[in-house]
Amino acid sequence: MERSFIYFKVKYNHFRELSGSCANAVLDREVMEDVECVLSLPKNYSETGEETPLILCFHGANTTVYEAENISGGILYIESCLDAGYAILDVAGSASHGFTYGCPEHLFAAYKAYRYAIRNYNLSERILVAGASMGGVTAINFINMFPTLPLAVGLIYPALALDGVDLGDHHVRGSWEQNTSRYASGKTTHDYVSEAYHFPHGEWIENNTIGFNPYRTCSFINADGQRVVIPPCPIKIWQGLADTKVDPIMTREFVASIRRSGSYVELHEIEGAGHSMSDMREVLDYEVPYWFNRFI
């Protein structure tokens, strides 16, 4: 089905102070930059009357938002929601390459895009949030930064740990450790994570990731030595069991860590599905709207 896309730009503050604290110095300032955004409205959208529910969707590293080539980011991940009466908004990465992996600047840009959308269109202020792959990092980080906005989250094979995680005798590679495949730029995921989180010389700096590393954020270690994650709203995850980029064991542990807090989470594991939308299209087209319908 042919879709219509509304492209626009918003300005956001790209500046982020990383030195922690400094006595007798003014640290904060504004470094304003433009970011491309795309909004798609359902056919039943109306400028008056009941607000159309809005999904803020975060794309993965394999796409972006780029009007010149009519690239609409993550909207196509969940396009069945347009037919179900939802509007969907996505935002390009806050760097020229678009690979920002949930870093603070990207969240600031997404919030500015959200504010623009609800000011200029008849859309709901409380939103649903979706994310796929690296967009899963961004989605979780966004709901933690703005916990009063989301009603629920839907995640598709989400990246959930920036650094490596040891789960018993199994090591889950974090995004920062994935240093093998090179993009057309010649850079690896390792390089881009280093850029996004301002790691000088490619060396991991824990303080730069605090608040933006989903498996660690809003969490604690319980008396049994297990991590407990407390999300601000219900979450559902769709995970392929043949995925070689996002480790299904990490997804299971993330779900278990949420359940340890008594919070609500669902997991649909799909046998034989890899890190590909085509492997999951039929399931997602059917299930994602039904998941979000529970909350509007």
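What follows is calculated from the coordinates using simple rules that are stated; it is not laboratory data. None of the values given here were measured: they were computed from a predicted structure. A quick note on method: Cβ atoms are made from the backbone with ideal geometry, for glycine too, and the neighbour counts reach across all protein chains shown.
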With the dipole of the chain defined by +1 on each Lys or Arg Cβ and -1 on each Asp or Glu Cβ, the option from Gln239, Cys103, Gly272 whose Cα lies farthest towards the positive pole is Cys103
With the calculation restricted to Cα positions, what are the radius of gyration and Dmax of the stretch 6-293 in angstrom?
-> 18.4, 58
Applying 1/(1 + (r/R0)^6) with R0 = 22 Å to the Cβ-Cβ distance of Ile210 and Asp28, what FRET efficiency is obtained, to the nearest 0.05?
-> 0.75
Of the beta bridges DSSP finds with both residues in the chain, what % are antiparallel, to the nearest 5?
-> 45
Projected convex hull area of the stretch 216-279, Cα atoms, direction-averaged, in nm², equals 4.7
Taking Lys11 as the anchor, which aspartates and glutamates have their alpha carbon closer than 14 Å to its alpha carbon, excluding any fewer than eight residues away along the same chain?
-> Glu30, Glu33, Asp34, Glu36, Glu105
List the GluC sites (Glu not before Pro) within the stretch 28-75 that fall in a DSSP loop (any state other than H, G, I, E or B) and whose Cβ has at most 11 other Cβ atoms within 10 Å.
-> Glu30, Glu47, Glu50
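Taking the Cα centre of the chain as the origin, how large is its charge dipole in debye, to the nearest 20, when only Lys and Arg (+1) and Asp and Glu (-1) carry charge on their Cβ atoms?
Result for the chain is approximately 480 debye, rounded to the nearest 20.
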Stretch gain in nm, segment Asn293-Asn179, where the contour uses 0.36 nm per residue and the Cα spacing is subtracted | 37.1 nm
Residues His171, His97, His59 in order from fewest to most other beta-carbon atoms within 10 Å are His171, His97, His59
Which of these, Val265, Val26, Val283, has the largest mean-square fluctuation under a Gaussian network model of the chain (Cα springs below 10 Å)?
-> Val26
